[in-house]
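Notes for the one structure printed next.
The values are calculated or read from the model by the stated rules, or taken from the named source; none is laboratory data. Given the structure is predicted, the values throughout are model-derived calculations rather than measurements. FYI the Cβ positions are ideal-geometry reconstructions off the backbone, even for glycines, and counts take in every protein chain you see.
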Amino acid sequence: MLASLSAALRPYIKRRHLLREWLESGVTYNELSHRFRQNPYPGYKALRQKDPVHWSRLYSAWVLTRHGDIEMVMRDHRRFSNDPRNHLSAGPQPALDGDLDDRGSLMTFLDPPDHTRLRSAVSEAFAPAAIEALEGRVRNVTVELLDRVDDAAGFDAMRAIAHPLPLIVITELLGISESDRQQFQAWAAQRICIVEPTITARQRRAAYAAGKALNDYHREVINQRRKEPRDDLISALVRAEDEGDTLTENEIVVMLRLLIVAGTQTTTNLIGNGLLALLRHPGEMQILRDQPDMLPAAVEELLRYDNPTQMVARYVTEDVELSGRQLRRGQALLLLIGAGNRDPEAFSKPDELDITRKEGGSISFGRGVHHCLGSTLARIEARIVFDALFERYESLHLLTDQPAFRNATVIRGLTELPVGLKPGNAN
């Protein structure tokens with residue numbers, strides 16, 4: 001009875017919070033609306049113009065939208081912590097505290113020195129030189145996946161390549177059996193929902209069940225690698241633990257879960273969002289066909305234009321003033337990366353896709369000690385996919401005017417991407 005009453009009152013409480021926000025600042029942060037999920041950028045622009053350091057009554061958190069402010073906070077881990085245990089607000093927690101069951105072991109939610117210790121355990125495997133050595137394998141997998149596209153009328157790019165490629169690459173790197181890949185894909189898709197404010201009670205239960213299933217699986221594999229080591233990342237982590245490094249089995253398990261979820265979902269949506277942007281801008285796509293050496297720069301622009309990770313959270317560790325606003329110790333910050341990447345103070349004509357853009361400085365992979373560990377791998381996978389598509393198909397075009405985005409706001413990505421094609425000489 002009480003639960004039903006609470007659910008019935010929730011929309012009214014939400015509207016009251018949003019009305020008070022609007023009266024105080026002339027703008028609201030309402031990422032839960034359908035219009036916002038399909039295209040958040042007009043909402044970001046309004047926030048950035050009217051109230052760039054905005055107090056959200058809905059989330060009891062400061063919402064930052066300017067590139068400079070977000071970059072500064074990302075670099076200052078002493079005053080702006082990743083650890084949700086620093087959140088002292090009595091209001092509703094931002095939806096980014098999803099892994100509170102493992103927050104003492106999950107690298108994403110830790111600050112130095114614990115973050116440094118955990119990150120160093122896997123940093124060698126994700127160093128640029130090590131990842132660049134995988135280019136040949138990434139290209140071979142891409143070709144194999146495209147060989148399976150057998151419908152001349154077109155294909156769903158998400159199902160055909162954006163989902164399977166990152167999954168194959170990260171599971172091979174870790175040493176996960178090929179027969180278990182599809183199960184891992186399902187677990188990762190269920191688990192990633194834990195960071196979303198739109199998550200339902202059913203999705204939350206599925207997310208925690210997927211997390212437990214991943215943990216149980218990895219504990220079994222760890223035990224196997226202790227008996228029979230292999231040339232894979234899991235064996236390397238087990239060896240580090242056995243040799244007395246300060247990495248516990250639980251930390252290894254949580255690390256592996258993070259690598260699977262982040263290593264698939266983020267790159268999948270980089271490929272999907274990036275391909276959609278190019279299909280909507282055929283002139284930019286033609287430039288890449290004519291000048292394939294511009295692909296690395298194009299990937300940077302696609303990351304800026306429609307980044308998969310739209311938001312991250314931080315927590316204030318000491319009172320600080322930011323743009324005339326008093327941020328108090330224990331308050332939460334929501335850093336809207338997608339808004340910062342469209343800031344006209346950092347990028348000229350920021351709402352336009354321009355793969356010849358000379359300005360750098362996208363904050364898509366973060367800054368400071370929490371800069372994305374897998375950024376080099378994600379960039380390589382996206383570049384190779386786009387290169388292979390342009391080489392194989394004489395033309396590509398959208399088969400729908402409005403591709404549907406997932407019911408999500410933190411991790412932005414498509415449910416499907418129907419693409420029409422005209423084969424070239426490669427077929």
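Among the residues of the stretch 229-262, how many are surrounded by 15 or more Cβ atoms within 10 Å (Cβ to Cβ), in a helix (DSSP H, G or I) and modelled with pLDDT under 85?
So the count comes out to 2.
Just need a number here: residues in the stretch 308-354 that are outside any loop (DSSP other than H, G, I, E, B) and either within 22 Å of the chain's Cα centre (by Cα) or of a type in the set (S, T, N, Q) (or both).
Of the residues in the stretch 308-354, 16 are outside any loop (DSSP other than H, G, I, E, B) and either within 22 Å of the chain's Cα centre (by Cα) or of a type in the set (S, T, N, Q) (or both).
Somewhere in the stretch 193-201, is a residue within 20 Å of R219 (Cβ to Cβ) and surrounded by fewer than 23 Cβ atoms within 10 Å (Cβ to Cβ)?
No: zero hits.
For the stretch 108-127, how many residues are among the aromatic types (F, W, Y) and free of Cβ contacts under 8 Å to residues at least 40 places away in the same chain?
Within the stretch 108-127, residues that are among the aromatic types (F, W, Y) and free of Cβ contacts under 8 Å to residues at least 40 places away in the same chain number 1.
How many residues does the stretch 31-52 hold that are of a type in the set (G, A, S) and either surrounded by fewer than 21 Cβ atoms within 10 Å (Cβ to Cβ) or over 19 Å from F347 (Cα atoms) (or both)?
2
Within the stretch 53-70, is even one residue crowded, with 20+ Cβ neighbours inside 10 Å and closer than 14 Å to H370 by Cα?
Checked the stretch 53-70: at least one residue is crowded, with 20+ Cβ neighbours inside 10 Å and closer than 14 Å to H370 by Cα.
Picking from L327, L336, L414, which residue would you name as being at pLDDT 95 or above and over 23 Å from T108 (Cα atoms)?
L414 is the lone residue from the list that is at pLDDT 95 or above and over 23 Å from T108 (Cα atoms).
Based on what the data block shows, is G272 within 30 Å of G360 (Cα to Cα) and crowded, with 22+ Cβ neighbours inside 10 Å?
yes
Output the residues belonging to the stretch 385-427 that are part of a loop (DSSP other than H, G, I, E, B), over 26 Å from the mean Cα position of the chain (by Cα) and of a type in the set (S, T, N, Q).
Those that are part of a loop (DSSP other than H, G, I, E, B), over 26 Å from the mean Cα position of the chain (by Cα) and of a type in the set (S, T, N, Q): N425, N427.
Go through (1) over 16 Å from V141 (Cα atoms); (2) touching a residue at least 60 places away in the same chain (Cβ under 8 Å); (3) in a helix (DSSP H, G or I); (4) not polar (S, T, N, Q) one by one and return the number of the condition P197 breaks.
(3)
Hey, V221 hits all of (1) farther than 25 Å from M158 by Cα; (2) of a type in the set (A, V, I, L, M); (3) under 18 Å from the mean Cα position of the chain (by Cα) but one; which does it fall short on?
Among (1) farther than 25 Å from M158 by Cα; (2) of a type in the set (A, V, I, L, M); (3) under 18 Å from the mean Cα position of the chain (by Cα), the lone unmet condition for V221 is (3).
To keep it simple, each residue is scored yes or no on (1) touching a residue at least 40 places away in the same chain (Cβ under 8 Å); (2) among the aliphatic types (A, V, I, L, M); (3) under 27 Å from R119 (Cα atoms).
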| residue | (1), (2), (3) |
| --- | --- |
| R148 | no, no, no |
| E178 | no, no, yes |
| C193 | yes, no, yes |
| L237 | yes, yes, yes |
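When you scan the stretch 96-119, how many residues do you find that are at pLDDT below 50 and either under 20 Å from the mean Cα position of the chain (by Cα) or surrounded by 18 or more Cβ atoms within 10 Å (Cβ to Cβ) (or both)?
Going through the stretch 96-119 one residue at a time, the tally reaches 6.
Scanning the stretch 80-92 for residues that are in a loop (DSSP other than H, G, I, E, B) and surrounded by fewer than 18 Cβ atoms within 10 Å (Cβ to Cβ), which turns out modelled with the highest pLDDT?
L88
To keep it simple, each residue is scored yes or no on (1) touching a strand residue (DSSP E or B) at 6+ places or on another chain (Cβ under 7 Å); (2) in contact (Cβ under 8 Å) with a residue 40 or more places away in the chain; (3) crowded, with 21+ Cβ neighbours inside 10 Å.
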site	(1), (2), (3)
A382	no, yes, yes
A388	no, yes, no
D401	no, no, no
V419	yes, yes, yes
P423	yes, yes, no
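When only residues in the stretch 355-380 that are among the basic types (K, R) and part of a loop (DSSP other than H, G, I, E, B) count, which is surrounded by the fewest Cβ atoms within 10 Å (Cβ to Cβ)?
That would be K358.
Evaluate the stretch 296-319: report whether one residue or more is over 17 Å from R383 (Cβ atoms), surrounded by 15 or more Cβ atoms within 10 Å (Cβ to Cβ) and out of contact with any helix residue (DSSP H, G or I) (no Cβ under 8 Å at 6 or more places or on another chain).
Scanning the stretch 296-319 turns up no residue that is over 17 Å from R383 (Cβ atoms), surrounded by 15 or more Cβ atoms within 10 Å (Cβ to Cβ) and out of contact with any helix residue (DSSP H, G or I) (no Cβ under 8 Å at 6 or more places or on another chain).
Determine which member of the set E172, E144 is at pLDDT 95 or above, acidic (D, E) and in a helix (DSSP H, G or I).
E144
I need every pair where a residue in the stretch 214-231 that is farther than 13 Å from I252 by Cβ has its Cβ under 8 Å from the Cβ of a residue that is loosely packed, with under 15 Cβ neighbours inside 10 Å, sequence separation at least 6 or different chains.
Filtered contacts from the stretch 214-231: P229/R239.
Can you tell me which condition D290 does not meet? The list is (1) closer than 28 Å to T356 by Cβ; (2) modelled with pLDDT of 95 or more, and all the others hold.
D290 satisfies all of (1) closer than 28 Å to T356 by Cβ; (2) modelled with pLDDT of 95 or more except (2).
Using the structure shown, decide if L18 is outside any loop (DSSP other than H, G, I, E, B), farther than 30 Å from A404 by Cβ, modelled with pLDDT under 90 and among the aliphatic types (A, V, I, L, M).
no
State whether the residues of the stretch 35-56 include one that is part of a loop (DSSP other than H, G, I, E, B), in contact (Cβ under 8 Å) with a residue 60 or more places away in the chain and over 20 Å from G366 (Cβ atoms).
no
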